[in-house]
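Structure record follows, encoded as structure tokens.
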Amino acid sequence: MAVPEKGVKLLDFWMSPFGQRCRIALAEKEVEYEYKEEDLSKKSDLLLKSNPVHKKIPVLIHDGKSICESLIIVEYIDEVFPGKTNILPSDPYARSHARFWADFVDKKVYDCGSKLFKSKSEALEELNKEFICILKTLETELGEKKYFGDDAFGLVDIAFAPFTSWFYTFEALGLSVEKECPKLAAWGNRIMERESVAKSLHEPTKIYDLFCELRKKFVDA
Amino acid sequence: MDEEVKLLGSWLSPMSRRVEVGLKLKGVSFEFSDLDVFFSKPPELLQYNPVHKKIPVLIHHGKPIAESLIILEYIDETWADSGIRLLPKDPYERAMARFWAKFFDDKCSLPLAMSCWTEGDKQQQILADCKLNLTTMEGALKGKKFFGGDEIGIVDIIVFCSVYWTEIAQEVVGVNVINEEKHPILCKWMKETVDSNVLKDYMPPREKLFCHIQTYKDAIAALMAVRFGSN
């Protein structure tokens, strides 16, 4: 029987906000790992074997065992790699609170955000309103805190961080996060001061360029 | 010891039942507030879950926790030394339990709930989704007695509640969603789980649920159509 390969590998795609969550978590914990960029139009055998159910990135492979779904991966990283920081607090209520808001980001932000990206101009106004509502809810939760985790950068910050690169593109679609949710925008700038976030996120202009390209191909065609 | 544990739920909801089961398996005493959420959102619910406005909500020492899977993890962590483990100790096995719980909730819960309350092409599509996704869930059993291994765990609890409800609803409306032919492994697991532990005792009585669904089936169908639409 083959011995499972030791070490940590991340199967990912450069632009994926879900993959970025894992990169941030691994960086926060100072875990050494091998990054493997997947071609989503031609998925590798390794990806298909490691995530046979969804066939999606990100997948974390640790000592030969694969873990899928970004927030599940982040919690796994927190539990397995002690590091200097904790991604989740130790108190059960605080943990459930963090999970609730990370789940909120999953349920609401990606769905509505990507609808915005794909929508025709007629639908934009309504979607903008809906998205602003979602962002304002998050902003209320953030309040005056430095991070969603209060003083500690944690699960919810990691869950939402990748979407801050999309803010510039939202502006182009008529939604100014800075104007509508100034505290959230300030938090977005603050988290970029963390090395784990700065090196995992892409330039907002790069996201915007890709958005324009995809829009030309699929929406305006 | 009164730890001020209150559950806002509904005897009619399998999501709410999951949490009741979790609390009972841990031997936690709690006050159950059976809310009528069918036609309206009671003020207590809006107060404790303003974001999603849904049951179940667990209130412990006055602090609310919402979303059934999150509540179950909270219960497991808070009463860690009581009753059974809802999630495994090993981090990889925990990740797998979370993965399958999420898969079930994302891909099976709603189709199962909707399967009895739609018609025509939409129903056929939902039934096809149910079949495919339940077959995938069967893969998670992989020769194990329970989803949790030798003992039941969080995945067993959530799947059991949904399957219990679906089996009754399908009898009321005369639709075949789950059967031995389509899902032999799942049905074997269901029988095993019913025979070997207390989960069935924590479900609402079959006749009571059957009668209720039968009496209100038109209203349930209408509500499902409004809530989940035709997308």
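Quick note: the coordinates plus some simple rules give every number you see, no bench work behind them. Note that the structure is a prediction, hence the values are computed from the model and not measured. Cβ sites come from the backbone with ideal geometry, for glycine too, and all protein chains shown count toward neighbours.
The table for this structure:
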quantity: Within chain B, percent of DSSP bridges classed antiparallel, to nearest 5; calculated: 70 percent
quantity: For B:92-101, mean number of other protein chain Cβ atoms within 10 Å; calculated: 5
quantity: Additional length obtainable on full extension of the chain from B:A219 to B:K122, 0.36 nm per residue less Cα span; calculated: 33.0 nm
quantity: About the Cα centre, charge dipole magnitude for chain A (Lys/Arg +1, Asp/Glu -1 at Cβ), debye; calculated: 460 debye
quantity: Candidates B:P50, B:P14, B:P111, ranked by Gaussian network fluctuation over chain B, Cα under 10 Å, top entry; calculated: B:P50
quantity: Equivalent-ellipsoid semi-axes of the stretch A:47-188, from the Cα gyration tensor, Å, largest first; calculated: 28, 21, 11
quantity: DSSP-loop GluC sites (Glu not before Pro) across the stretch B:4-51, with at most 13 other Cβ within 10 angstrom; calculated: B:E4
quantity: Neighbouring partner chain Cβ atoms per residue of A:94-102, average, 10 Å criterion; calculated: 5
quantity: Sorted peptide list for A:181-194, A:115-128, A:63-76, criterion being average Cβ within 10 angstrom, highest first; calculated: A:63-76, A:181-194, A:115-128
quantity: Partner lysines for A:K217 [C-alpha distance under 24 Å; skip if fewer than 8 residues away on the same chain]; calculated: A:K42, A:K43, A:K56, A:K115, A:K118, A:K120, A:K206
quantity: Rounded if a/c under 1.5, otherwise prolate or oblate - the protein assembly as shown, Cα gyration tensor axes; calculated: rounded
quantity: Two-site FRET efficiency, A:K145 against A:L48, from Cβ-Cβ distance with R₀ of 35 Å, rounded to 0.05; calculated: 0.25
quantity: Proximal lysines relative to B:K63, as straight alpha-carbon distance under 18 Å, when same-chain residues fewer than 8 apart are discounted; calculated: B:K6, B:K53, B:K54
quantity: Note, ³J(HN,Hα) from phi for the stretch B:71-83, Karplus 6.51, -1.76, 1.60, rounded to Hz, x at Gly and Pro; calculated: 4, 4, 5, 4, 4, 4, 7, 6, 10, 4, 8, 9, x
